[in-house]
1. Could you order the peptides 47-55, 211-219 from most to least packed, using the average number of other C-beta atoms within 10 Å per residue?
2. What spacing in nm lies between the two simple spin-label points modelled at A241 and D60, each 7 Å away from Cα in the Cβ direction?
3. Among T172, T73, T144, T99, rank each residue by its count of other Cβ atoms within 10 Å, from fewest to most, as a rough exposure measure.
4. Considering the chain, what Rg and Dmax in Å follow from its alpha-carbon atoms?
5. Using a 10 Å cut-off around each Cβ, can you sort H113, H37 from fewest to most neighbouring Cβ atoms?
6. Looking at the calculated P(r) for region 176-257, what percent of the C-alpha pair distances fall above 22 Å?
7. Given the DSSP H assignment, sum -39500 (n - 2.57) over each helix run of at least 4 residues in the chain and divide by its residue total; what's the result at 222 nm in deg cm²/dmol, nearest 500?
8. Pop out the ³J(HN,Hα) list for region 209-221 in order, Karplus 6.51 cos²θ - 1.76 cosθ + 1.60 with θ = phi - 60°, rounded to Hz; leave Gly and Pro as x.
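Read the figures in this text as sums done on the coordinates, not as results from a lab. As the structure is a prediction and not an experimental result, all values here were calculated from the model. Counting neighbours? That spans all protein chains shown, and the Cβs are built from the backbone with ideal geometry, glycine included.
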Amino acid sequence: MGEIRTFAEGERAPRVVLIGLASCFGCQINITNIEEHLLAVLGQIDMAYWQLTSSEPMPDEFDVAVIEGAVTTDEAAETVRRARERAQCVIAIGACAATGGIPGMASDDLPGHVAAVYGEAAPEACGSLREPVPVSAVIDVDYTVNCCPIDPMEFVRVLDAALYGSNYLPATSVLCGECSRNEQGCLYQRGQMCLGLVTRAGCGAKCPALGRACNGCAGLSPDANVASARYVAEKRGFNPARIDEALEMFNTVQLAAEGEE
């Protein structure tokens, strides 16, 4: 983003709202961790609504809607529909908004999960619960910032693209290629099961670079072959069912949509 931009008289900064749905708000908090650049970022926009910083109501007019969290209620679905109607651009940030994330784990048995958490019935404050889904299952999304939590500088890059345009294309390959470029070696060779076989690239393989197996928070790659991942896991001595169990944390909704068993 560079230096804080100044606007000429009569020129309006792009108005941005940040909407939080079902999530831990960790991605929003992570945005505030780029202290060195945050004022420069905010200097490019009119931050008209952000629950973490103000109790002011969301304005009726805005240019960009940034949405964190999964859609888990009818009220949330209506909120994102209204945002789509008003905004020129919608950005989904974080695994919950992009894939359904951890809330999406309840999508296979919502009544059972509700009963486990609340007992006989969810309190009225929960609203009208529905099967958790990513934002893109309800409205068209223009940009997505993957992972849990997001990389704040990747958010800055995407926001920059939304405001000023970009020919940057999101990664579609699987994460294994990034591990190879990092020259860190494969975790399967160290006896660790890793979801880099099927997870979308683009995060720089930060977790494997630190010796931690990929947990799939960036979502399934369009090039993913889950059946082949099971085969590789089995060849390395793992029960192939562990691939499916691990994928449930962030990818239950997508697996169900694609008919994976």
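1. On the way: 47-55: 14.1, 211-219: 20.8.
The packing order, highest mean first, is 211-219, 47-55.
2. Distance between label points: 5.7 nm.
3. T172, T73, T144, T99
4. Expressed in Å, the Cα Rg and Dmax of the chain come to 19.5, 67.
5. Working: H113 17, H37 13.
The most exposed by this proxy come first: H37, H113.
6. Values: 536 of 3321 pairs.
So the portion of pairs separated by more than 22 Å is 16 percent.
7. Values: 10 runs with 93 residues, N = 261.
The helix-only estimate for the chain comes to -10000 deg cm²/dmol at 222 nm.
8. With coefficients 6.51, -1.76 and 1.60, one gets 5, 9, x, 10, 5, 5, 9, x, 5, 7, x, 6, 5 Hz.
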